[in-house]
Every structure is written in C-alpha cells, then in structure tokens.
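The values are calculated or read from the model by the stated rules, or taken from the named source; none is laboratory data. What you see is a predicted model; the values in this text were computed from it and never measured. As a convention, Cβ positions derive from the backbone with ideal geometry for all residues, glycine included, and neighbour counts pool all protein chains shown. Ligands, DNA and RNA are excluded from the accessible area calculation, which covers all protein heavy atoms including side chains. Shrake-Rupley method; radii C 1.70, N 1.55, O 1.52, S 1.80 Å.
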Amino acid sequence: VGRAVTVACPCCPCSGCDDLIGAVFELGRTLCRLQLSDEELALFTAAVLLSPDRPWLTESKKVQKLQDKIYVALQHEIQKKHSAEDKLSKMVSKLPLMKTICNLHLDKLEFFRLLHPETAMNFPPLYKEVFNSELQYSDPRES
C-alpha cells in the first residue's frame, strides 16, 4: 500500500506546491505505463513544446504545420514498432493534464518571481523562453 507523501516547496511556503507536485507525479506515472521508446518520447516532447496556442507566437500557423508533421512522425514511429493502435490517442489524452500542470507551474513561478525577483532574473534563457519570461521578468527597477 502506497503512502501519500507531502512535499513542502521552499519557494512557496505559504501557498504550497502539493497540487503541482502531485500532478507532475501523476503525469509521470501515466506516461511510464505507456512504455514509450526514446524516439516516441522525443517526438511527443517536441510536439508538446511546439504548441501553436502560445499567446506570444507571431506565426502560429507555421508552428501548427510543424507540430502536425511531428505528430505524423510520431504515428509512424508507433506503427513501425507495432505498438498498440491507441497509443497515440492515449498520449494525446494527457495534453489537458499537461496544460493544467503548466498553468499551476506558471502560478508558482509568478509567486516566486514576486518573492524573489533577483533570483528570477537569473533563470536560464530557455526556461525564460518556454515560460514567456521575457515579458514577465522585466527588471522591476526599469518601471
């Protein structure tokens, strides 16, 4: 019998991160059950990262076309390995949970940014790009 583990988030002591951490572990558990190959995981990751619905994109149609090509490659990879027919649909069914996790993460990130703006300014560039940080992490001294 598994026990629930409560993890306190040091960056957000008053708001807690249990909801975020729980959602991440649940996503990890369900993706592990799919037993994705390295290729399938790489293609699925690329498809998720190349999301055309990011509000700051200027050419979302191009991103959509690229994402569609990645999904075709992913479907081909799944068929090549003779995996379960419904594997792709099971993977895609995780997208709403991933969106929820992203939103929870953005909430925690914003809270962290407000508490520790100096640290948030030094986040890695890719992290800033993925989470639209260039717009959110302007130097408060410039205002």
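Summary of values
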quantity: Residues within segment 22-58 that are among the aromatic types (F, W, Y) and more than 14 Å from A73 (Cα to Cα), tallied; calculated: 2
quantity: Tally, over segment 72-109, of residues that are acidic (D, E), assigned to a helix (DSSP H, G or I) and closer than 18 Å to Q35 by Cβ; calculated: 1
quantity: Candidate set: segment 110-142, residues that are modelled with pLDDT of 75 or more and outside any helix (DSSP H, G or I); chosen: the one most open to solvent (accessible area, probe 1.4 Å); calculated: N122
quantity: Of all residues making up segment 20-48, the number that are loosely packed, with under 12 Cβ neighbours inside 10 Å and either under 13 Å from the mean Cα position of the chain (by Cα) or among the aromatic types (F, W, Y) (or both); calculated: 1
quantity: Residue among S51, S60 that alone is open to solvent by less than 50 Å² (accessible area, probe 1.4 Å) and either of a type in the set (D, E) or more than 14 Å from M98 (Cα to Cα) (or both); calculated: S60
